[in-house]
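The values are calculated or read from the model by the stated rules, or taken from the named source; none is laboratory data. These numbers were taken from a predicted model, which means no experiment stands behind them. Every residue, glycine among them, receives a Cβ derived from its backbone with ideal geometry; neighbour counts consider all protein chains shown. Ligands, DNA and RNA are excluded from the accessible area calculation, which covers all protein heavy atoms including side chains. Shrake-Rupley method; radii C 1.70, N 1.55, O 1.52, S 1.80 Å.
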Amino acid sequence: MTVHPNSLHARDIAHVLHPYTNAKTHESDGPMVISHGEGIYVFDDEGNRYIEALSGLFCASLGFSEERLVEAATQQMRKLPFYHTFGHKSNEPVVELAEKLLALSPVPMSKVFFANSGSEANDTAMKLVWYYHNAIGKPNKKKIISRVKAYHGVTIASASLTGLPNNHRDFDLPIDRVIHTECPGLYRFGKDGETEEEFATRCAQALEDLIQREGADTIAAFFAEPVMVSGGCIVPPRTYFDKIQEVLRKHDILLIADEVICGFGRTGNMFGCETFGLQPDMITMAKQLSAAYQPISALMINDKVYRAIVDESGKIGTFGHGFTYGGHPVPAAVALETLKIYEERDIVGHVRRIAPRFQAGLRKLGEHPLVGEARGVGLVGTLELVKDKRTKETFDPGLGVAVYAGKRAQAHGMITRSIGDNFNLCPPLIINEAQIDEMMEKAQLALDDTLRWVEAGHPTA
Ligand SMILES: Cc1ncc(COP(=O)(O)O)c(C=O)c1O
């Protein structure tokens, strides 16, 4: 590609380090510059239109042109563009948002702590797990269990919870105190002929065995996304969370639900906890909380955890944790307006009504020769690409088959994001039926192109 030295592309290559990007190929390929958005579509700087089939990064639930959110931010910026919540200070949007979130919570919760990203919310939850156990006089109960293929973020602590090799490799992670148990993905980890229930029982037994090996009095908490989206849209097998929670309760282990993607309607309920029956002690959320128009995350804690914080911070003299922009009034005002829109437009009801069409389209694509399994729930799903449908044999990861499929989708006017072998679809919640069909047609074209490329021996040009 020839790029003018003063173009945005050249300046990007010269100056920007991109997250989750191969820095080497970026030097030759450069960026795709997105200039504006309209509903579920975004446009690049050459005027090409794309369906944003991943809601950006699983977050732009209301699409890319919701004026009410622009207005909410503008008004709040005029009134109070910044204030913090340190040292007993507060502001109106933060109080209202906390009240609203507690009212929406799928289980009784006591307080809300605000941060800026999903990683920070999970990092905070980990710190509170430790603070809590020190406060209640169980200083040895500190290890945290997460799952293989989990995604909880990229800070040192949350990346340690994440169970994906590329988030650990050469970063010297995970830290000790974090251990990983079985991934509940039946397609990859189930045994031949195993039912969902049998597999769930085996996962719970594996958790029990891990706890026994480590010593129950050393295990503090278990982190789980209701659906492990980044790990490959792994929908838990039936009875999984009932069985897991039985083990956790038996050993007095806290449950933290990571609702960063599932929260706010994605799975067909306000929270993934409702869809899959989780009863957590803490809930982390971000992304769709503000429809992605402003960075904001939140952590809800139950009264048991809160009481310990009250006692401990009373003893120490402060609760020594907080981010400058946690409790920022502008993102809080935007989040409040987002929640109002969800309610007024019955976004959760819309997801429920439209999800069957999305899931049917996904299952239809599951018949494609490249697709080993199509799976999902609500308005999130994945197509797991395989070399051999019958044996589930995977492609050589070096070929980047799913990434190639993503590039072909882009050529057909659809942006998605492939992670590993998974071609993911997670459209804005406002998508309509015709747009779902359009998205599936483009996915079909991308898969057909990819199959031809594979059959031709994956030429590089
Ligand atoms: C389930 C889950 N938790 C946490 C995070 C981290 O959020 P952030 O990128 O805002 O730090 C993500 C991001 O994709 C996520 O999917």
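Here are some notes:
- Contact order for segment 377-446, expressed relative to its length and based on alpha carbon pairs under 8 Å spaced 6+ residues apart, stands at 35 percent.
- Long-range amide H partners of T181 with built H, under 5 Å: S146, R147, V148
- Each listed q (0.23 Å⁻¹) maps to a log10 I(q)/I(0) for segment 51-160, found by the Debye formula over equal Cα scatterers with no solvent: -1.39.
- Integer Hz, Karplus 6.51/-1.76/1.60 couplings in order for segment 63-75, x for Gly and Pro: x, 10, 8, 7, 4, 4, 6, 4, 5, 4, 5, 4, 4
- Of all accessible heavy-atom area on the chain, the percent that carbon and sulfur account for (1.4 Å): 52 percent
- Cleavage-rule hits, chymotrypsin sites (Phe, Trp or Tyr not before Pro), segment 1-73, DSSP coil, Cβ neighbours within 10 Å at most 14: Y20
- For segment 25-76, the direction-averaged projected area of the alpha-carbon convex hull comes to 4.9 nm².
- The packing ranking of peptides 122-132, 315-325, 363-373, highest mean first, is 122-132, 363-373, 315-325, where packing means the average number of other beta carbon atoms within 10 angstrom of each residue.
- Relative contact order [Cα under 8 Å, 6+ residues apart], the chain, whole percent: 19 percent
- Cβ-based charge dipole, segment 69-344, positive-most Cα from S117, A157, G317: G317
- Three-way shape label, segment 367-459, alpha-carbon gyration tensor, a/c 1.5: prolate
- Proximal charge balance of H180 [Cβ under 10 Å; K/R count +1, D/E count -1]: +1
- Net charge contributed by nearby residues that have their C-beta within less than 11 Å of L128 (K/R +1, D/E -1): -1
- Estimated FRET transfer efficiency when R0 is 41 angstrom, pair R11-F319 (beta carbons, to 0.05): 0.40
- With the simple model of a label 7 Å out from the Cα in the direction of the Cβ, T394 to D209 spans 2.1 nm.
- Convex hull volume per residue, computed on the Cα atoms of the chain, equals 151 Å³.
- Equivalent-ellipsoid semi-axes of segment 69-344, from the Cα gyration tensor, Å, largest first: 31, 22, 16
- Of V351, V454, Q288, farthest towards positive along the dipole that unit charges on Lys, Arg, Asp, Glu beta carbons give the chain: Q288
- In the context of the full set of protein chains, residues of segment 363-461 present 44 Å² of accessible surface per residue (probe radius 1.4 Å, heavy atoms only).
- Residue-normalised accessible area of segment 1-95, expressed per residue, 1.4 Å probe, Å²: 64 Å²
- For segment 122-192, size of Cβ-based charge dipole, Lys and Arg +1, Asp and Glu -1, in debye: 280 debye
- Among the GluC sites (Glu not before Pro) in segment 4-113, those placed in a DSSP loop whose Cβ has at most 15 other Cβ atoms within 10 Å are E46.
- Per residue, the convex hull spanned by the alpha carbons of segment 301-383 comes to 192 Å³.
- Distance between modelled label sites at R357 and K340, nm, 7 Å Cα→Cβ extension: 2.9 nm
- Remark on V154: its backbone amide H falls under 5 Å from those of S119, A159, a criterion applied only to residues 5 or more positions apart or on other chains, H modelled at 1.01 Å from N.
- Principal semi-axes of the equivalent ellipsoid, √(5λ) from the alpha carbon gyration tensor of segment 216-321, are 25, 21, 10 Å from largest down.
- Based on C-alpha pairs under 8 angstrom that are at least 6 apart in sequence, segment 69-344 has a relative contact order of 29 percent.
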